[in-house]
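Data first, discussion second: the structure below is written as structure tokens.
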Amino acid sequence: MESRLLDILVCPICKGPLRHDRQEAELVCQADHLAYPVRDGIPVMLESEARPLEAERAADPS
């Protein structure tokens, strides 16, 4: 995923920044504890497609 795209994408719920988790192929919103999938290089920014994160993983910035 291009870094330019990551610079402009925000969480559709809170409009906060997203972190790209390359290993899980997800964009993570730490504020809402949600992960949005990236499928075939395309982020799926739909609330209905997001999965809730465990509290400890959402706090982990790595």
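The values are calculated or read from the model by the stated rules, or taken from the named source; none is laboratory data. Being a predicted model, the structure only gives us computed values, none of them experimental. Glycine also receives a Cβ, built like all others from the backbone with ideal geometry; neighbour counts cover every protein chain displayed.
Would you point out the residue of region 26-47, among those that are of a type in the set (Gly, Ala, Ser) and under 16 Å from GLY16 (Cα atoms), that is surrounded by the most Cβ atoms within 10 Å (Cβ to Cβ)? Full working, then the answer.
Step one: filter region 26-47 for residues of a type in the set (Gly, Ala, Ser), giving 31, 35, 41.
Right, trim to under 16 Å from GLY16 (Cα atoms) and you get 31, 35.
Working: ALA31: 14, ALA35: 22.
By that ranking, first place goes to ALA35.
Being at pLDDT 95 or above and touching a strand residue (DSSP E or B) at 6+ places or on another chain (Cβ under 7 Å) narrows it down to one of LEU34, LEU46, so name that one. Show your work before the answer.
Values: LEU46 fails: touching a strand residue (DSSP E or B) at 6+ places or on another chain (Cβ under 7 Å).
Exactly one of LEU34, LEU46 is at pLDDT 95 or above and touching a strand residue (DSSP E or B) at 6+ places or on another chain (Cβ under 7 Å), namely LEU34.
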All but one of (1) modelled with pLDDT under 95; (2) assigned to a loop (DSSP other than H, G, I, E, B) hold for ALA58, so report the exception by its number.
-> (2)
Can you spot a residue in region 4-20 that is at pLDDT 95 or above, surrounded by fewer than 11 Cβ atoms within 10 Å (Cβ to Cβ) and on the phi > 0 side of the Ramachandran plot?
-> yes
